[in-house]
Amino acid sequence: MLRVAMILYSLVGSTLAGIGVIAVLVSGYGTLNPIIVSAAIGPSSRCRWHD
C-alpha cells in the first residue's frame with residue numbers, strides 16, 4: 001500500500017507542479033521567480049484527509 005501511495009504522490013505532485021507552471025505562464029508572469037514558486041507549491045499542496 002505504501003508503494004502505491006508513493007507512486008501516486010509522485011504522479012499527482014508533478015501534475016500539480018505542471019498545472020501551476022502553466023497557470024503562471026498563461027497569466028503573464030514569465031520571469032523565473034513566479035515559475036519556480038508555482039512549481040514548488042505544486043507537490044506541497046497535497047490534501048490531508050486525516051488529522
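Where residues in region 20-31 are at pLDDT 90 or above and part of a helix (DSSP H, G or I), which of them is surrounded by the fewest Cβ atoms within 10 Å (Cβ to Cβ)?
Val26
Could you tell me whether region 42-50 includes any residue that is outside any helix (DSSP H, G or I), at pLDDT below 85 and surrounded by 10 or more Cβ atoms within 10 Å (Cβ to Cβ)? Outline the logic, then answer.
Taking region 42-50 and keeping what is outside any helix (DSSP H, G or I), we get 45-50.
When the remaining residues are screened for being at pLDDT below 85, the result is 45-50.
Checking the rest, the ones that are also surrounded by 10 or more Cβ atoms within 10 Å (Cβ to Cβ) come to 45-46.
Checking region 42-50: at least one residue is outside any helix (DSSP H, G or I), at pLDDT below 85 and surrounded by 10 or more Cβ atoms within 10 Å (Cβ to Cβ).
Search region 4-16 for residues that are in contact (Cβ under 8 Å) with a residue 24 or more places away in the chain and pair each with any residue that is in a helix (DSSP H, G or I) and open to solvent by 90 Å² or more (accessible area, probe 1.4 Å) when their beta-carbon atoms are under 6 Å apart and the residues are at least 6 apart or on different chains.
Short answer, once both residue conditions are applied: none.
Taking Pro34 and the conditions (1) touching a Gly at 6+ places or on another chain (Cβ under 7 Å); (2) modelled with pLDDT of 85 or more; (3) not aromatic (Phe, Trp, Tyr), which numbered condition does it fall short on, given that it satisfies the others?
Of everything listed in (1) touching a Gly at 6+ places or on another chain (Cβ under 7 Å); (2) modelled with pLDDT of 85 or more; (3) not aromatic (Phe, Trp, Tyr), Pro34 misses just condition (1).
The values are calculated or read from the model by the stated rules, or taken from the named source; none is laboratory data. Values in this document were obtained by computation on a predicted structure and should not be read as measured data. Positions of Cβ are backbone-derived with ideal geometry, glycine not excepted, and every protein chain shown enters the neighbour counts. Ligands, DNA and RNA are stripped out before the accessible areas are found, and what is left, the full protein with its side chains, is counted by its heavy atoms. Shrake-Rupley method; radii C 1.70, N 1.55, O 1.52, S 1.80 Å.
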